[in-house]
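Handing you this structure, nothing more for now.
The numbers here are math on the coordinates, done by the rules we state, and not lab data. Please read these numbers as outputs of a predicted model, since none were measured by experiment. Ideal geometry is used to build each Cβ from the backbone, glycine not excepted, and the neighbour counts take in all protein chains shown.
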């Protein structure tokens, strides 16, 4: 599995939805609890940091964006909701740190 950190400045709601649609079309897992910031997982060998960036750049060519591939299982820590209705870290525990 490959892991990516994706950040894009000032995406419109429409552009954000297009990015989510792209993630789903490519069968990517994604976490998006912080505005303009995603964690993405992929088993698709055709997806890489550049293809994700190009998707953002196609939608909004002048938007500042950064896509970083993260190797190994990254250590992480955070604060946010963690209850039955809203668990900010469930996806991270189940997917981001999975092998």
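Specify the angular offset, from 0 to 90 degrees and rounded to the nearest 10, of the alpha carbon long axis of helix 13-25 from the longest principal axis of the alpha carbons in the chain.
70 degrees
Where does the chain land on Rg/Rh, using Cα atoms and the Kirkwood Rh?
Dividing the radius of gyration by the Kirkwood radius yields 0.95.
Report the FRET efficiency, 1/(1 + (r/R0)^6), for residue 79 and residue 9, where r is their Cβ-Cβ distance and R0 is 22 Å, rounded to 0.05.
The pair residue 79/residue 9 has a calculated efficiency of 0.40.
For the residue pair residue 90 and residue 63, what label-to-label distance in nm results when each label sits 7 Å from Cα along the Cα-to-beta-carbon direction?
2.7 nm
Which value at 222 nm does the chain reach when only helices count, each DSSP H run of 4 or more adding -39,500 (n - 2.57), with the total divided by all residues and rounded to the nearest 500 deg cm²/dmol?
Dividing the helical sum by the residues of the chain leaves -7500 deg cm²/dmol.
Would you please classify the overall shape of region 8-59 from the alpha carbon gyration tensor, given that a ≥ b ≥ c denote the square roots of the eigenvalues, rounded means a/c under 1.5, and beyond that prolate means a/b larger than b/c while oblate covers the rest? Can you show the working numbers first?
Values: a/c = 1.74, a/b = 1.37, b/c = 1.27.
Verdict is prolate for region 8-59.
Still on this structure, I have one more. Mind checking the angle between helix 49-59 and the chain's longest principal axis? C-alpha axes, 0 to 90 degrees, to the nearest 10.
Rounded to the nearest ten degrees, it is 60.
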